[in-house]
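K.L.:
The structure follows.
The values are calculated or read from the model by the stated rules, or taken from the named source; none is laboratory data. On a predicted model such as this, the values are computed, not experimentally measured, just so you know. Heads up, the Cβs are rebuilt from the backbone with ideal geometry, glycines too, and the neighbour counts pull from every protein chain shown. Accessible surface is based on the protein model in full, side chains and every heavy atom, while ligands, DNA and RNA are left aside. Shrake-Rupley method; radii C 1.70, N 1.55, O 1.52, S 1.80 Å.
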Amino acid sequence: MDQFLIEGGVPLLGEVATSGAKNSALPALAACLLTDEPVILQRIPPVRDIRTMQKLLEHTGARVDELAGGNVVVQASDITKPEAPYEVVKTMRASSLVLGPLVARTGRARVSLPGGCAIGARPINLHIAALEHLGARVEQSHGYIEARADDGLKGNHIVFERITVTGTEDLMMAAVLAQGETVIQNAAREPEVVDLAEMLVKMGARIEGAGTSTIRIQGVSRLYGAEHRIVPDRIEAGTFLIASAISGGELVVTGCEPAHLEALIAKLQQAGVTIADAGPGALRAKAAGHLRSVDMTTEEHPGFATDLQAQFMALMTQAEGISFITEKIFENRFMHALELCRMGADIRIEGRQAIVAGPRKLTSAQAICSDLRASASLVLAALAAEGETVIDRVYHMDRGYERFDEKLAAVGARIRRVASKQSDEKSMEAAS
Ligand code: EPU
């Protein structure tokens with residue numbers, strides 16, 4: 001199992017490039033199951049969750065080939081096993097994204113139910129209910145859900161009880177091959193949903209309204225091969241903007257999409273961070289003087305992303321005053337707060353709210369990653385801490401950030417990856 005050793009106190013300076021979005025690449029890969037023709041995906045980030053999804057596609061009978069330059073070609077000529085087994089789902093909840101495409105393409109799917117998760121219960125009841133609305137018969141037994149639609153899926157009007165990102169994507173992928181029209185109301189408006197819709201349209205789907213809360217889909221009888229470039233990872237780009245500010249440095253984050261980062265940019269500016277346009281798809285972040293505490297509430301897009309809450313909390317430990325951080329998306333996404341406190345932060349948790357008093361001097365400690373974004377917040381805190389911080393279980397980072405340590409080191413961070421003695425696989429099972 002790898003660890004990071006980070007010596008704080010070095011301002012980050014220079015340029016850092018954004019990778020393709022993990023949360024866009026995952027549904028894009030699942031969408032390749034909707035056609036028997038080859039689909040080429042560009043800017044697929046080589047992170048662990050992507051490798052897991054590629055293995056899952058291969059398990060169903062699809063062929064996945066990696067091309068040069070982060071491109072991948074998937075061909076699902078024949079789906080021999082429309083299944084997502086427990087062994088895969090337990091390591092990656094987004095495996096449920098194959099449910100919609102498998103039922104739409106083959107009329108059946110067997111998908112393991114995900115278990116508990118470090119950040120909340122995260123059930124998939126809304127994905128299942130939506131599929132039932134399209135006429136699938138769904139049964140649950142032995143920890144699996146089995147969905148069947150022997151005569152194909154039929155378009156319907158679906159109102160999501162609450163906004164769900166992968167639920168919207170799953171349903172969209174099911175509806176593109178259903179007979180007739182599907183209207184999704186209270187749909188997620190995340191850029192990753194829009195990216196998926198654009199890819200599906202290139203494959204021959206008829207979709208309108210992605211990016212708004214009402215999406216209309218006219219089913220078609222088949223989809224075709226296509227080529228699609230994944231959107232930049234807004235969460236990775238946002239993490240770098242915060243890294244720049246917390247280290248007291250000046251980073252230019254390139255290859256990003258500033259329009260996807262508006263809520264974060266507004267909060268950073270309120271906190272006293274200067275964010276400037278640095279050319280097409282590039283942003284410059286510089287913390288000029290003292291940081292000010294600001295309150296923040298996570299919301300669905302275009303609100304402040306829950307996937308940046310942990311990193312923003314790390315920043316607020318260095319800001320003057322009290323910051324109220326409210327988490328509205330997941331019920332248990334404050335695991336990083338305890339680790340930040342061990343490094344010297346003053347954070348009190350009251351239900352869905354974290355109250356951060358700053359600035360507090362952070363000092364190095366041994367800290368443990370509990371999930372992907374919590375890990376990022378610990379790395380950021382370590383950049384601002386005095387001494388050498390040891391961060392364990394960095395496989396959580398590797399699930400969603402491409403070479404995070406190398407990218408940070410290239411802009412001046414004193415970060416090293418070392419192998420610790422424990423077995424990686426063993427710890428992953430325990431934490432999943
Ligand atoms: N929910 C239900 N039932 C469902 C689906 C969701 O109750 O059937 C609840 C969830 O428990 C949660 C809320 O609805 O409280 C929103 O969850 P959502 O379904 O939107 O989350 P997700 O689709 O499972 C995606 C991202 C997450 C990100 C969330 C919120 C992917 C692969 N994952 O998860 O990303 O936090 O949307 O924006 O797109 C991450 O990258 O670190 C990550 C966790």
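K.L.:
Along the Cα→Cβ direction, 7 angstrom out, place labels at Gln269 and Asp151. What is the inter-label distance in nm?
P.N.:
Roughly 5.6 nm, to one decimal.
K.L.:
Which is farthest toward the positive dipole end of the chain among Leu372, Pro191, Gly209, measuring Cα position about the Cα centre, with Cβ charges +1 (Lys, Arg) and -1 (Asp, Glu)?
P.N.:
Of the listed residues, the answer is Leu372.
K.L.:
Quick one: compute the contact order of the stretch 261-365, relative version, from alpha carbon pairs under 8 angstrom and 6+ residues apart, as a percent.
P.N.:
Numbers: 186 pairs, mean separation 23.5, N = 105.
Normalised by residue count, the contact order of the stretch 261-365 is 22 percent.
K.L.:
So for the stretch 22-229, taking the charge dipole from beta-carbon charges (+1 Lys/Arg, -1 Asp/Glu), which of Leu223, Asn125, Leu200 sits furthest toward the positive end?
P.N.:
The residue sitting farthest along the positive end of the dipole is Asn125.
K.L.:
Taking Cα centroids, how far is the stretch 155-203 from the stretch 213-249 in Å?
P.N.:
15 Å
K.L.:
Write down the percent of antiparallel bridges among all DSSP beta bridges whose residues are both part of the chain, to the nearest 5.
P.N.:
So the antiparallel bridges amount to about 70 percent of the total.
K.L.:
Using a simple spin-label model with points 7 Å from Cα along the Cα→Cβ vector, what separation in nm is obtained for Gln218 and Thr297?
P.N.:
That separation, rounded to one decimal, is 4.0 nm.
K.L.:
Shifting gears a bit: Please report the spacing between the Cα centers of the stretch 336-413 and the stretch 264-311 in Å, no decimals.
P.N.:
Here the two parts' Cα centres lie 18 Å apart.
K.L.:
To the nearest 20 debye, what is the magnitude of the charge dipole of the stretch 22-229 about its Cα centre, counting +1 on the Cβ of each Lys and Arg and -1 on the Cβ of each Asp and Glu?
P.N.:
280 debye
K.L.:
Also, quick follow-up: Let me know the charge dipole size of the chain about its Cα centre in debye, to the nearest 20, where only the beta-carbon of Lys, Arg (+1) and Asp, Glu (-1) is charged.
P.N.:
Charge dipole of the chain: 300 debye, to the nearest 20.
K.L.:
Taking the Cα centre of the stretch 234-332 as origin and charging only Cβ (+1 Lys, Arg; -1 Asp, Glu), how large is the dipole, in debye to the nearest 20?
P.N.:
Rounded to the nearest 20 debye, it is 320 debye.
K.L.:
Of the heavy-atom accessible surface of the chain (probe 1.4 angstrom), what whole percent is carbon and sulfur?
P.N.:
That share works out to 47 percent.
K.L.:
Determine the relative contact order of the chain: mean sequence separation of Cα pairs under 8 Å and six or more apart, normalised by residue count, in whole percent.
P.N.:
Details: 1087 pairs, mean separation 93.2, N = 432.
Reported as a whole number, the value is 22 percent.
K.L.:
Which Cα, out of Ala382, Ser247, Thr166, lies furthest along the positive dipole direction of the chain (beta carbon charges, K/R +1, D/E -1)?
P.N.:
Highest projection toward the positive end goes to Ala382.
K.L.:
Express the relative contact order of the stretch 107-199 as a whole percentage, based on alpha carbon pairs under 8 Å and six or more residues apart in sequence.
P.N.:
28 percent
K.L.:
Cross-link partners among lysines for Lys154, C-alpha distance below 29 Å, same-chain residues fewer than 8 apart left out?
P.N.:
Correct list for Lys154: Lys81, Lys202.
K.L.:
Output the Kirkwood hydrodynamic radius of the stretch 22-229, Cα pairs only, in Å rounded to one decimal. Please list the in-between numbers first.
P.N.:
Values: mean 1/r = 0.0607 Å⁻¹.
Radius from the Kirkwood sum: 16.5 Å.
K.L.:
What stretch of the chain, leaving out the sites themselves, is the longest with no trypsin sites (Lys or Arg not before Pro) in a DSSP loop having at most 11 other Cβ atoms within 10 Å? Before the final figure, lay out each step's value.
P.N.:
On the way: sites that count: Arg162, Lys421.
No qualifying site falls inside 163-420, the longest such stretch.
K.L.:
From the square roots a ≥ b ≥ c of the eigenvalues of the alpha-carbon gyration tensor of the stretch 154-230, which class results: rounded (a/c under 1.5), prolate (a/b over b/c), or oblate?
P.N.:
Oblate, because a/c is 1.5 or more while a/b does not exceed b/c.
K.L.:
Test of understanding: what is the full-extension gain from Leu338 to Arg416, defined as 0.36 nm times their sequence separation minus their Cα-Cα distance?
P.N.:
Residue separation times 0.36 nm, minus the Cα-Cα distance, leaves 25.7 nm.
K.L.:
Assuming 0.36 nm per residue, please report the length gained on full extension of the stretch Ile322 to Glu227 beyond their Cα-Cα distance. Provide the component values of the computation, followed by the final result.
P.N.:
Numbers: separation 95, 0.36 × 95 = 34.20 nm, distance 4.80 nm.
Full extension from Ile322 to Glu227 adds 29.4 nm.
K.L.:
Can you spot the lysines whose alpha carbon is less than 26 Å from Lys407's alpha carbon? Ignore those fewer than 8 places along the same chain.
P.N.:
Lys22, Lys267, Lys286, Lys361, Lys421
K.L.:
Continuing with this model, one more query. Find the accessible area per residue for the stretch 22-229; the probe is 1.4 Å, ligands and nucleic acids are left out, and the unit is Å².
P.N.:
40 Å²
K.L.:
For Val390 and Lys361, what does the FRET efficiency come to when R0 = 22 Å and r is the distance between their Cβ atoms, rounded to the nearest 0.05? Intermediate values should be presented prior to the final figure.
P.N.:
Details: r = 18 Å, r/R0 = 0.84.
It comes out at approximately 0.75.
K.L.:
Same structure, new question: Label-point separation (nm) for Ala68 and Tyr86, each offset 7 Å from Cα along Cα-to-Cβ?
P.N.:
Once both label points are built, they end up 4.4 nm from each other.
K.L.:
Based on the Cα gyration tensor of the chain, what are the three equivalent ellipsoid semi-axes, each the root of five times an eigenvalue, rounded to whole Å and given largest first?
P.N.:
Computed over the chain, the values are 37, 22, 21 Å.
K.L.:
Of the beta bridges DSSP finds with both residues in the stretch 22-229, what % are antiparallel, to the nearest 5?
P.N.:
On the way: 26 of 37 bridges.
So the antiparallel bridges amount to about 70 percent of the total.
K.L.:
Quote the FRET efficiency, to the nearest 0.05, computed for Arg137 versus Arg403 with a Förster distance R0 of 51 Å and r equal to the Cβ-Cβ distance.
P.N.:
Between Arg137 and Arg403 the formula returns 0.70.
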